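Q: Attaching a single structure in structure tokens format; questions to follow.
The values are calculated or read from the model by the stated rules, or taken from the named source; none is laboratory data. Keep in mind that this is a model prediction, so the values were computed, not measured. Cβ placement follows ideal geometry from the backbone for every residue including glycine, while neighbour counts extend to all protein chains displayed. When the accessible area is computed, the model is the full protein with side chains, heavy atoms only, and any ligands, DNA or RNA have been set aside. Shrake-Rupley method; radii C 1.70, N 1.55, O 1.52, S 1.80 Å.
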Amino acid sequence: MEIFEQLLNGLLAVLTWENLLLALIGCVLGMLVGILPGFGPAAAVAILLPVTFVLGPAPALIMLAAILYGASYGGTITAVLLNVPGETSSVATTIDGYQMALKGRAGAALTIAALGSFVGCVVGLLGFVVATPLSRFALSFGAPEFFALTILGLSLVIGLAGKSLVKALISAVFGLSIGMVGIDPLAGVPRFTFGQAPLLDGINFIAVVMGLFGVSELLATVDHSAKFGRALPVGKIWPTRTDLRRSVGPILRGAPLGFLFGLLPGSPGAATSFASYALEKAISKRKSEFGKGAIEGVAGPETANNSLAIAGMIPLFTLGVPTSATTAILMGAFIVNGLVPGPLLFQNSPDVAWTIIASMLVGNVILLILNVPLVRVWVSFLKTPFPVLYAIVFGFMILGAYTLDGSVFNIGVLLVFGLIGYLMRKVDIPLAPMALTIVLGELMESNLRRALAISGGDPSIFVHSGISLTLLILAALAIVGALIGRMLSSRATRKKELSGAAL
């Protein structure tokens, strides 16, 4: 009962006009981010990180979290009307959503997607409330346990690796090296500063992620406007009774499926939505309709997407372990505001934690209201030339980098890491492991050295604790399991290629 009382108190805190306004702004920005193809929530959250210094912890994090799940709604609009997923998690929606739009039923598809997304949010939020007792268990953690936890977090690199584990490790090591610049946390001496005074405090995390995700995405997608066709008409917004009846099952199945995927390390939205799509097609009595405008092919994946977005924040709040690039940046937002995500968050700042959690419900109610009646307004944004929008966004990034501490040096950091991120994209090196290790690197190093200082340099301290040993075993199993999965997948791909060549 205590948890629900705290949730209610958080809900009352959200229902002030200031927090409601920021939730509305975050939802609108998230929708716009989803509408802009290629410009993901990680970039938007990174760009708006400087705003957190002005707003304060809870209001700023309410807005940033709203961007994350708001983008899931916005990506559906371009997926249905343009056959271009604004978000990778909306890829599966294009299969049947665009076909419905071609038949003049885009409005029904968007409405069902909005209803499914809201149900996914509610299921994710209930799971969030149930999972919060994990944070109390983690209060018993010492330095060895926290080090083992960071190792488990770094094992997420396998899940975020993309096609190449080697490239993911390159990205991860690069992130660790960036986190080591500045004053040694225990010895108090400068390291890797090369005599540059601005580097004594380390490389500004906000400027790094703004460049890495924001500038690089602008450079990578600035020419997309020439590739998009014209949006199809929305048509009637309200679905038929048959649409609603056929959508109930996929929505009820997609919500828990997305929630479970969200708890897994590095689960991509595209894989989650396709898993839901495959499930609905497998159990459907109308298999022939899939790919031709089946409403189930929209309801299931969209519900799973939003449930995934909420569930993906549970490990961050309860254990302090981010599971994606966006949640890693959110973790940075916590840290720069003096908050420690994880078990200490619920002990030291429970009001902030529960206010943010409650804002997810309020934000999704706002998104439900915005998405359906105002869908034609969102479509009008697609008529704005993308280079113009990107130029405005770039200007805000320059201004944001400068206002971090009034230093031109941070503008240089922004531009340099924007170029680095763009080049990494070109050679298919994932950015997510780098963001993850920048955030977790300092925590890992400080707890490693603290544990070794306690034990007098004896590394066996990490296996003396049952919790620490269990976490290390889980990390090893995660790595081995991912490697075996990759080997089996590549072997299956080779067999398919050989069989195709034989034919």
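Q: Looking for something open to solvent by 30 Å² or more (accessible area, probe 1.4 Å) and assigned to a loop (DSSP other than H, G, I, E, B) - is there at least one such residue anywhere in segment 408-426?
A: no
Q: Keeping to segment 463-502, report how many residues are out of contact with any Leu (no Cβ under 6 Å at 6 or more places or on another chain), modelled with pLDDT of 70 or more and of a type in the set (G, A, S).
A: Matching residues across segment 463-502 total 6.
Q: Another question about this same structure. Name the single residue that is modelled with the highest pLDDT among those in segment 158-171 being open to solvent by 10 Å² or more (accessible area, probe 1.4 Å) and in a helix (DSSP H, G or I). Explain how you work it out, then say what you get.
A: The initial filter retains those residues of segment 158-171 that are open to solvent by 10 Å² or more (accessible area, probe 1.4 Å), namely 158-160, 162-167, 169-170.
Then keep just the ones that are in a helix (DSSP H, G or I); that gives 158-159, 165-167, 169-170.
Numbers: I158: 60, G159: 56, L165: 74, V166: 79, K167: 81, L169: 82, I170: 85.
Going through the qualifying residues, I end up with I170.
Q: Name the pairs whose Cβ atoms lie under 8 Å apart, with the first residue in segment 470-486 and farther than 13 Å from L152 by Cα and open to solvent by less than 40 Å² (accessible area, probe 1.4 Å), the second modelled with pLDDT of 75 or more and polar (S, T, N, Q), and 6 or more positions between them or separate chains?
A: So the pair list comes out empty.
Q: Can you give me the number of residues within segment 183-234 that are basic (K, R) and modelled with pLDDT of 70 or more?
A: Of the residues in that region, 1 qualify.
Q: Tell me, which residue of segment 91-107 that is among the aliphatic types (A, V, I, L, M) and farther than 15 Å from T303 by Cβ is nearest to the chain's Cα centre (by Cα)? Talk me through it step by step, then tell me what you get.
A: Our first condition is that a residue be among the aliphatic types (A, V, I, L, M); within segment 91-107, this holds for 91-92, 95, 100-102, 106.
Next, from what is left, pick out any that are farther than 15 Å from T303 by Cβ: 91, 95, 100-102, 106.
On the way: V91: 16, I95: 23, M100: 28, A101: 28, L102: 31, A106: 27 Å.
Among those that are among the aliphatic types (A, V, I, L, M) and farther than 15 Å from T303 by Cβ, it is V91.
Q: For segment 175-197, what are the residues that are assigned to a helix (DSSP H, G or I) and crowded, with 17+ Cβ neighbours inside 10 Å? Reasoning before the result, please.
A: Step one: filter segment 175-197 for residues assigned to a helix (DSSP H, G or I), giving 175-179, 197.
Across segment 175-197, the qualifying residues are G175, L176, I178, G179.
Q: Out of all the residues in segment 246-256, is one or more out of contact with any Phe, Trp or Tyr (no Cβ under 9 Å at 6 or more places or on another chain), aliphatic (A, V, I, L, M), modelled with pLDDT under 75 and in a helix (DSSP H, G or I)?
A: No: zero hits.
Q: While we're on this one: Among the residues of segment 70-80, are any modelled with pLDDT under 85 and within 18 Å of E289 (Cα to Cα)?
A: Keep residues of segment 70-80 that are modelled with pLDDT under 85, which gives 70-80.
Applying the additional criterion that residues be within 18 Å of E289 (Cα to Cα) yields 80.
Scanning segment 70-80 turns up at least one residue that is modelled with pLDDT under 85 and within 18 Å of E289 (Cα to Cα).
Q: Additional query: Filtering segment 130-147 down to residues that are touching a helix residue (DSSP H, G or I) at 6+ places or on another chain (Cβ under 6 Å) and modelled with pLDDT of 75 or more, which residue is nearest to T470 (Cα to Cα)?
A: E145
Q: While we're on this one: Check segment 436-452 and report whether any residue there is without any contact (Cβ under 8 Å) to a residue 24 or more places away in the chain and assigned to a helix (DSSP H, G or I).
A: Restricting attention to segment 436-452, the residues satisfying the condition of being without any contact (Cβ under 8 Å) to a residue 24 or more places away in the chain are 452.
Pick out the ones that are also assigned to a helix (DSSP H, G or I) and you get 452.
Yes, some residue in segment 436-452 is without any contact (Cβ under 8 Å) to a residue 24 or more places away in the chain and assigned to a helix (DSSP H, G or I).
Q: Considering every residue within segment 103-112, establish whether at least one is of a type in the set (A, V, I, L, M, F, W, C), surrounded by fewer than 21 Cβ atoms within 10 Å (Cβ to Cβ) and at pLDDT 80 or above. Lay out the reasoning, then the answer.
A: Going through segment 103-112, the residues of a type in the set (A, V, I, L, M, F, W, C) turn out to be 106, 108-110, 112.
Cutting the leftovers down to surrounded by fewer than 21 Cβ atoms within 10 Å (Cβ to Cβ) gives us none.
No, that holds for no residue.
Q: Please enumerate the residues belonging to segment 198-213 that are in a loop (DSSP other than H, G, I, E, B) and farther than 30 Å from I454 by Cα. If you could, list the steps in order and put the result at the bottom.
A: Our first condition is that a residue be in a loop (DSSP other than H, G, I, E, B); within segment 198-213, this holds for 200-204.
Listed by number, the list holds a single entry, N204.
Q: Collect the residues in segment 240-261 that are in contact (Cβ under 8 Å) with a residue 60 or more places away in the chain and crowded, with 19+ Cβ neighbours inside 10 Å, keeping them in residue-number order.
A: Matches in segment 240-261: D243, S247, P250, I251, G254, A255, G258, F259.
Q: Looking at segment 310-329, is at least one residue part of a helix (DSSP H, G or I), free of Cβ contacts under 8 Å to residues at least 60 places away in the same chain and among the small types (G, A, S)?
A: No, segment 310-329 has no match at all.
Q: Is it the case that some residue within segment 370-388 is under 30 Å from A108 (Cα atoms), at pLDDT 85 or above, out of contact with any Leu (no Cβ under 7 Å at 6 or more places or on another chain) and polar (S, T, N, Q)?
A: First pass over segment 370-388, keeping only residues under 30 Å from A108 (Cα atoms): 370-386.
Next, only the ones that are at pLDDT 85 or above stay: none.
No, because not a single residue in segment 370-388 is under 30 Å from A108 (Cα atoms), at pLDDT 85 or above, out of contact with any Leu (no Cβ under 7 Å at 6 or more places or on another chain) and polar (S, T, N, Q).
Q: Here is a check on your reading of the model: is A401 assigned to a helix (DSSP H, G or I), under 12 Å from G211 (Cβ atoms) and within 19 Å of the chain's Cα centre (by Cα)?
A: Details: assigned to a helix (DSSP H, G or I): yes; under 12 Å from G211 (Cβ atoms): yes; within 19 Å of the chain's Cα centre (by Cα): no.
Taking the combined requirement at face value, the residue does not satisfy it.
Q: So which residues in segment 279-300 are surrounded by 14 or more Cβ atoms within 10 Å (Cβ to Cβ) and in a helix (DSSP H, G or I), if there are any at all? I'd like the intermediate steps shown before the answer.
A: Keep residues of segment 279-300 that are surrounded by 14 or more Cβ atoms within 10 Å (Cβ to Cβ), which gives 279-281, 284, 289-290, 292-300.
Of everything in segment 279-300, those that are surrounded by 14 or more Cβ atoms within 10 Å (Cβ to Cβ) and in a helix (DSSP H, G or I) turn out to be L279, E280, K281, E289, E296, G297, V298, A299, G300.
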